[in-house]
Amino acid sequence: MSLKKAYRFLTTSFIGNGLKKALLVGAFLIFGFSGFGQVVTIVASDDSAQESPLDAGEYTVSLDAVNTGPDLTVSYTVSGTATPGSDYTALTGTVVIASGQQSNTILVTPINDTEVESSETVVVTLSADAGYTVGTPNNATVNIASDDSYTASIAATDASASETGTDSGTFTVSLSTTNTSGGPIVVNYTIGGTATNTNDYSNIVTSVSIPNNAISAPVTITPVDDALVEGNETVILTLATGTGYLVAASPNNTATVTIADNDSYTA
């Protein structure tokens, strides 16, 4: 028989009012008040939130039975990777389950900033209190998705290359803001133009990696000094879609480097 049932049996069957009070006080001192309170748990009833269009996340804090006593204030702590006040409206740290109710909700309302960031978390953990017993689960997580992303653009920062002295040309692929994703962002592009990759210039691949904490990366065009008379030729790079970025609108999504030929016919 549980302590609660044993107490009820004794107090309703054999014990007078004075002794009932003494037994109640003694039980509280021995076993703690929380042992006689209702059990409180928490779940993420909506674990996905986003900045735009605004979509709040939600926790539900519940008792194991309807609250038949006065309003019950449940305390909690907040942690996670999201920052209160900048990523979401700060939570109060308490939720009230009214008399006659069994649960109440806590809303996580994202703040729509312009920072490019990965999905972030808000973790609510129930705190112990004399008025209730913390059950399982005692914590829950809401994920906040950002609506912001990097925009990649490309420019020919050195648009003239030459076979003479193998004078290189340079494309620069840039993000709209510094990469703070925690890892490299790989930007894809297609290769076009009248020059031939590997034959007219040293081989380049079809992507460039922009490191964490950087905003741009170069793509170098190094001409091959051959003996062919071919005239000036072009290398055209056009950005392509990929993961972790958007492609800038024209004309910032393509650029051209021209390779000057150093050969001519001899009469």
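The values are calculated or read from the model by the stated rules, or taken from the named source; none is laboratory data. From a predicted model like this one, the values you see are computed outputs, not experimental measurements. Positions of Cβ are generated from backbone atoms using ideal geometry, with glycine treated the same way; all protein chains shown enter the neighbour counts. Only protein heavy atoms, including side chains, enter the accessible area calculation; ligands, DNA and RNA are left aside. Shrake-Rupley method; radii C 1.70, N 1.55, O 1.52, S 1.80 Å.
Would you be able to tell me the number of residues in the range 106-117 that are over 24 Å from THR180 (Cβ atoms) and open to solvent by 60 Å² or more (accessible area, probe 1.4 Å)?
Initially, the range 106-117 is screened for residues over 24 Å from THR180 (Cβ atoms), giving 106-107.
Those left that are additionally open to solvent by 60 Å² or more (accessible area, probe 1.4 Å): 107.
Counting residues in the range 106-117 that are over 24 Å from THR180 (Cβ atoms) and open to solvent by 60 Å² or more (accessible area, probe 1.4 Å) gives 1.
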Original post:
Restricting the first residue to the range 179-205 and requiring it to be touching a residue at least 60 places away in the same chain (Cβ under 8 Å), which pairs with a second residue that is among the hydrophobic types (A, V, I, L, M, F, W, C) meet a Cβ separation below 6 Å and a spacing of at least six or different chains?
Top reply: ILE185/ILE210; GLY193/VAL235; GLY193/ILE236; ALA195/VAL235; ALA195/ILE259
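Against the condition open to solvent by less than 50 Å² (accessible area, probe 1.4 Å), under 27 Å from the mean Cα position of the chain (by Cα), more than 30 Å from THR238 (Cβ to Cβ) and at pLDDT 95 or above, how does TYR132 come out, does it pass? Before you say what the answer is, go through the steps one by one.
Working: open to solvent by less than 50 Å² (accessible area, probe 1.4 Å): yes; under 27 Å from the mean Cα position of the chain (by Cα): no; more than 30 Å from THR238 (Cβ to Cβ): yes; at pLDDT 95 or above: yes.
No; evaluated as a whole, the condition is false for this residue.
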Original post:
Which residue pairs have Cβ atoms closer than 6 Å, lie 6 or more positions apart in sequence or on different chains, and pair a first residue in the range 38-49 that is under 11 Å from PRO137 (Cβ atoms) and part of a strand (DSSP E or B) with a second residue that is open to solvent by less than 50 Å² (accessible area, probe 1.4 Å) and among the charged types (D, E, K, R)?
Top reply: none
Original post:
Within the range 25-58, how many residues are modelled with pLDDT under 85, over 23 Å from TYR76 (Cβ atoms), open to solvent by 60 Å² or more (accessible area, probe 1.4 Å) and out of contact with any Leu (no Cβ under 8 Å at 6 or more places or on another chain)?
Top reply: 4
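Here are ASP226, ASP158, ASP147: which of them is modelled with pLDDT under 95 and open to solvent by 50 Å² or more (accessible area, probe 1.4 Å)? Please lay out each step first, then the result.
Numbers: ASP226 fails: open to solvent by 50 Å² or more (accessible area, probe 1.4 Å); ASP158 fails: modelled with pLDDT under 95.
Of the residues listed, the single one that is modelled with pLDDT under 95 and open to solvent by 50 Å² or more (accessible area, probe 1.4 Å) is ASP147.
For SER250, state whether it is assigned to a loop (DSSP other than H, G, I, E, B) and within 25 Å of SER118 (Cβ to Cβ).
On the way: assigned to a loop (DSSP other than H, G, I, E, B): yes; within 25 Å of SER118 (Cβ to Cβ): no.
No: the conditions fail for SER250.
Condition test on THR243, is it hydroxyl-bearing (Ser, Thr, Tyr), within 39 Å of the chain's Cα centre (by Cα) and in a loop (DSSP other than H, G, I, E, B)? Spell out how you get there, then give the answer.
Details: hydroxyl-bearing (Ser, Thr, Tyr): yes; within 39 Å of the chain's Cα centre (by Cα): yes; in a loop (DSSP other than H, G, I, E, B): yes.
For THR243, the condition - hydroxyl-bearing (Ser, Thr, Tyr), within 39 Å of the chain's Cα centre (by Cα) and in a loop (DSSP other than H, G, I, E, B) - is met.
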Subject >> Tabulated pairs, the range 98-112, first over 9 Å from TYR88 (Cβ atoms), second open to solvent by less than 50 Å² (accessible area, probe 1.4 Å) and in a loop (DSSP other than H, G, I, E, B), C-beta under 6 angstrom, 6+ apart or interchain >> reply: SER99/ASN67; GLN101/ASN67; LEU107/ALA56; ASN112/GLU51
**OP:** Return the total of residues in the range 135-183 being within 26 Å of the chain's Cα centre (by Cα) and not β-branched (Val, Ile, Thr).
**Re:** 20
**OP:** Among the candidates VAL235, VAL173, VAL187, single out the residue that is assigned to a strand (DSSP E or B), in contact with a Gly (Cβ under 8 Å, 6 or more places away or on another chain), open to solvent by less than 40 Å² (accessible area, probe 1.4 Å) and within 30 Å of GLU117 (Cβ to Cβ).
**Re:** VAL187
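Can you go through THR125, THR92 and tell me which one is open to solvent by 50 Å² or more (accessible area, probe 1.4 Å), of a type in the set (Val, Ile, Thr) and either over 15 Å from the mean Cα position of the chain (by Cα) or at pLDDT 95 or above (or both)?
On the way: THR125 fails: open to solvent by 50 Å² or more (accessible area, probe 1.4 Å).
Within the list THR125, THR92, the selection yields THR92.
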